[in-house]
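The values are calculated or read from the model by the stated rules, or taken from the named source; none is laboratory data. What you see is a predicted model, and the numbers here were worked out from it, not measured in a lab. Backbone-built Cβ (ideal geometry, glycine too); neighbour counts: all protein chains shown.
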2 protein chains.
Amino acid sequence: MDVRVYITPKKGILDPQGVAIERSLPALGFDGVTDVRVGKFIELQVAVPNDTPAGDTRGEVDEMCRKLLANPIIEDYTFTIDDA
Amino acid sequence: MDVRVYITPKKGILDPQGVAIERSLPALGFDGVTDVRVGKFIELQVAVPNDTPAGDTRGEVDEMCRKLLANPIIEDYTFTIDDA
């Protein structure tokens, strides 16, 4: 299964990378850009037996996000799972 | 406009974060996970005049990616633009 995880800093959490990008853009000629938030995009493959219910795979990926990929205290995450 | 940029390390480029995650997962009880690649997910808002052709906005975001958000030597990027 082809898994894509999207991780973003929670609203209200300071995002220094986003602030740095937002401040740099006008100097490069890009105006009108606001609300820059920098997160992570993680792609991975999960091998699951053919008869695994989709819900089990979702549960496993969700646990993976909570335990390792994201920091749920300061980050939100979503993910998609595709057959591949 | 609601812009989302997805940045991934190019194929063949070493991705130490991905390697670290892949090695950590079995110790946490997650088996069968391979091809972990860690990239960036950037969200931003672009203010454009109402009569701006969509192609112009795409061109501007593409230039922003090439000049600041991504490093095109070692990273690939894609983006989506939605009315918001």
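So is A:LYS10 at pLDDT 95 or above and closer than 30 Å to B:GLY59 by Cα or not? Answer is yes for this residue. Count of segment A:32-59 residues, restricted to those that are hydroxyl-bearing (Ser, Thr, Tyr) and at the interface with chain B (Cβ under 7 Å from one of its Cβ atoms), is 1.
Every condition in (1) touching a Phe, Trp or Tyr at 6+ places or on another chain (Cβ under 8 Å); (2) at the interface with chain A (Cβ under 8 Å from one of its Cβ atoms); (3) under 18 Å from B:ASP76 (Cβ atoms) is met by B:ASP62 except one, and the failing one is (2).
For segment B:45-57, residues that are at pLDDT 95 or above and either within 12 Å of the chain's Cα centre (by Cα) or part of a helix (DSSP H, G or I) (or both) total 0. Just to be sure before I move on: is A:THR80 in contact (Cβ under 8 Å) with a residue 12 or more places away in the chain and among the polar types (S, T, N, Q) in the structure I sent? Here the answer is yes, as A:THR80 does meet what is asked.
Under the condition of being aliphatic (A, V, I, L, M) and either touching a Pro at 6+ places or on another chain (Cβ under 7 Å) or surrounded by fewer than 16 Cβ atoms within 10 Å (Cβ to Cβ) (or both), the residues counted in segment B:49-67 number 1. In segment A:3-30, the qualifying residues are those that are part of a loop (DSSP other than H, G, I, E, B) and more than 8 Å from every other protein chain (Cβ to nearest Cβ), and the one that is surrounded by the most Cβ atoms within 10 Å (Cβ to Cβ) is A:ASP15. With respect to being touching a Leu at 6+ places or on another chain (Cβ under 7 Å), in contact (Cβ under 8 Å) with a residue 40 or more places away in the chain and assigned to a strand (DSSP E or B), B:VAL36 falls outside the description.
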